[in-house]
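The values are calculated or read from the model by the stated rules, or taken from the named source; none is laboratory data. Since this is a predicted model, take the numbers as computed values, not measurements. Virtual Cβ from ideal backbone geometry, glycine too; neighbours counted across all protein chains shown. Remember, those area values only see protein heavy atoms, side chains included, never the ligands or the DNA or RNA. Shrake-Rupley method; radii C 1.70, N 1.55, O 1.52, S 1.80 Å.
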Amino acid sequence: MCGIIGYTGRQDAASIILEGLKRLEYRGYDSAGIALSGKGCAPKVVKKAARVEILSRLVREAKLAGSCGIGHTRWATHGKVSDENAHPHVSSDGVIVLAHNGVIENYVQLRKSLTALGYTFHSETDTEALANLVALHFSRLESLGVSENRLEEAVRLALAEVEGTYGIAVMCVGNPDEIVGARKGSPLVLGVGRGENMLASDVTAFGGRMQNVVYLDDGQIVRMNRDDFVISTLKNESVAPVLNEIDWRMEDAELGSFPHFMLKEIFEQPVSLENAMRGRFSQDASTAQFGGLNMSARELRQVDRILFLGCGTAWHACLLAKHMIERYARIPVDVEYSSEFRYRNSPLEKNTLVFTISQSGETLDTLEAQREAQRKGYRVLGISNVVGATIPRENDGGIYQHSGPEIGVASTKAFTAQVLVASMLSLYFGRMRDLSFADGREMVKAFQSLPGLVSCVLDQAENVERIAKRYAGCNDFLFLGRLEMFPIALEGALKLKEISYIHAEGYPAAEMKHGPIALICPECPTVAIAMAGEMFKKCVSSIQEVKARKGDVIVVTDCPDDLPDGLADEVIFVPRAHDCILPILATIPLQLLSYYIAVARDCDVDKPRNLAKSVTVE
Ligand code: M6R
């Protein structure tokens, strides 16, 4: 949450920072701000409780100029959404300016002691305490006659007193070309250019400007100017930088002809799913293969239990993984919310393999759950999208989804790729155990047909849009599904809640009669996923119960002709397919439905209220 960026070079820093902030807005958009350093004068700050678009106008009006600066886009934690609480924050002596992503947990004590020393506070944020603390050490070092690397040293001394998490970018008066960054618990990437260097919460902020990056680790600090950078630890040990080349495609992070990133990303799914499969089937085409698991076949065969950890949509993918792996590989699977696991003393069996699922690879709850499992001695593999993010860098092996950047806050293409990878894992583990060659080959064929089938579902977007408009005025929705369609019902309900602010609940269809049935009325439509097979008749019975109580029903099905006449008010058809890919096909109409309902209700689809894409606070 929150995006930070810094630029030092020879170009117009304001426009580079503002561009970067636009790309970072998915991390939070409660307010935005920018500070440019000036020669011999205090950094100039423009900040506003508004989107980056408005900030850009204000920066133009203020005629901000300079070639070194920092910027911030906020997801509020401490202090309301206001101009005063927007970052960057300037120390009360005007010497230090700082942008922060994270939470300073001991800010109350720090504020008290800094106030006693004469520092003043103008915001309600935790961050301002850190700005003043750096200023305090900066002035103490000055009085000790320290001039070399004074800002870096002041930051190091300040951070030694801080409890909590941070990714920071800091500038000071008197060294207008220098930025110091540091991280603990919040991501920070250094972009290395020619005659310019950048810092940001993630590589998308660089927008192709930096081809070489260094992912900073927790406890590291970087001092940079336009021509150079030096990385060290908070304990002042030097660090040899590891340069990574980034494969950046500008069009991945741009809307193109789509009105919203969410719609673009929904329509990218034939390609993103193809990318998740590329090179991952064996020569004899009866199983999947994964390059980065870092485990021998023997070790994988010894796994007798798997635990999946994730949050939000990724947690729904974990539930799907359970269904698939238990069904095709017959390995018992547990699923926990990352945030619960890290504080529970879950009794795990000895040969348990842990998987984390995280699109961003930065979700703090999942990162900490992963660390907790590792501390307990378990091997943790991951399914992640963002290459080089903290979770995939810290885990013991894993699988990249290759979905490309997902900018819309509501996860769509990342979810379907996670489910696909989990389903391919079920094949992989299954073929190491009892799944037959013939069954494996059928699954591979099904996976390979998936992109085409997803395109068929997308062809129905107009029909889904019409249905969305019909029900856009409703304020409650129920989503029902059975077995592997239950997590899809949960995901459908979450998508609708997130972007339309409609109350929606997902339930296993048969559970409806144990409570949620009380919600049924003409104003509360039900979306029921009813696929051919042994559960079809059971789902039809649940739908009958809804109809008997005058509830409207939108049925997502692969066998519309088998529905009793008059049962469905609306039908969304998905092609008949192998069970290992059917949940993915059932997901697409629900993504479209929530998207079109949100548009009909005039909601801010890509930046829904109160949310942020990457949740890096606890
Ligand atoms: O980056 P992650 O996959 O770890 O994110 C987990 C959740 O925060 C995320 O899926 C969230 O629920 C999305 N907004 C769902 O659309």
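Points to keep in mind about this one:
- Using a probe of 1.4 angstrom and keeping all protein chains present, the accessible surface of the chain works out to 38 square angstrom per residue.
- Straight-distance candidates among the aspartates and glutamates for linking to K537, with alpha-carbon spacing under 20 Å and chain neighbours fewer than 8 residues away dropped: E484, E511, E545, D552, D558, D561, D562, D565, D569, E570, D579.
- Relative to the current alpha-carbon distance between K39 and A62, full extension at 0.36 nm per residue lengthens the span by 6.5 nm.
- Qualifying trypsin sites (Lys or Arg not before Pro) in segment 115-161, DSSP loop, other Cβ atoms within 10 Å at most 11: none
- FRET E, pair D459, E251, Förster distance 25 Å, beta-carbon r, rounded to 0.05: 0.65
- Relative contact order (%) - criterion: Cα under 8 Å, at least six apart; region: segment 318-389: 30 percent
- Anisotropy class of the chain from Cα gyration tensor, a/c 1.5 cut: prolate
- The simple spin-label model puts a point 7 Å past each Cα toward its Cβ; for F573 and D604 those points are separated by 4.0 nm.
- Segment 56-125: trypsin sites (Lys or Arg not before Pro) in DSSP coil with no more than 14 other Cβ atoms inside 10 Å: K63, K80
- Extension gain, D304 back to R194 (0.36 nm per residue minus Cα-Cα distance, nm): 34.5 nm
- Surface composition of the chain: carbon and sulfur make up 49 percent of the accessible area, probe 1.4 Å.
- For segment 569-618 versus segment 361-439, the gap between their alpha-carbon centres in whole angstrom: 21 Å
- Area of I391 that stays accessible when all protein chains are in place (1.4 Å probe, Å², to 10): 0 Å²
- Restriction of the trypsin sites (Lys or Arg not before Pro) in segment 433-509 to DSSP coil positions whose beta-carbon has at most 14 other beta-carbons within 10 angstrom yields R433.
- Distance between the pseudo-spin-label points of E511 and E534 (7 Å out from Cα toward the beta carbon): 2.0 nm.
- Calculated FRET efficiency for the pair E53/N475, C-beta based, R₀ 41 Å, to 0.05: 0.85
- Using a simple spin-label model with pseudo-atoms 7 Å out from Cα toward Cβ, S82 and E442 lie 6.4 nm apart.
- Rounded to the nearest 20 debye, the dipole magnitude of the chain is 320 debye, with +1 charges on Lys and Arg beta carbons, -1 on Asp and Glu beta carbons, and the Cα centre as origin.
- Cα lying deepest toward the dipole's positive end in the chain, options L490, L199, V335, charges on Cβ: L199
- As a calculated quantity, the FRET efficiency between A285 and D228 at R0 = 60 Å, using C-beta atoms, amounts to about 0.70.
- Backbone N within segment 572-599 under 15 Å of label point (7 Å from R466 Cα along the Cβ vector): 572-573
- Shape call, segment 3-246: gyration tensor on alpha carbons, a/c limit 1.5: rounded
- When each of K47/K112; K184/K607; K47/K413; K538/K613; K39/K613 is checked by Cα-Cα distance, pairs over 29 Å: K47/K413; K538/K613; K39/K613
- Ratio Rg/Rh [Cα only; Rh per Kirkwood] for segment 460-605: 0.93
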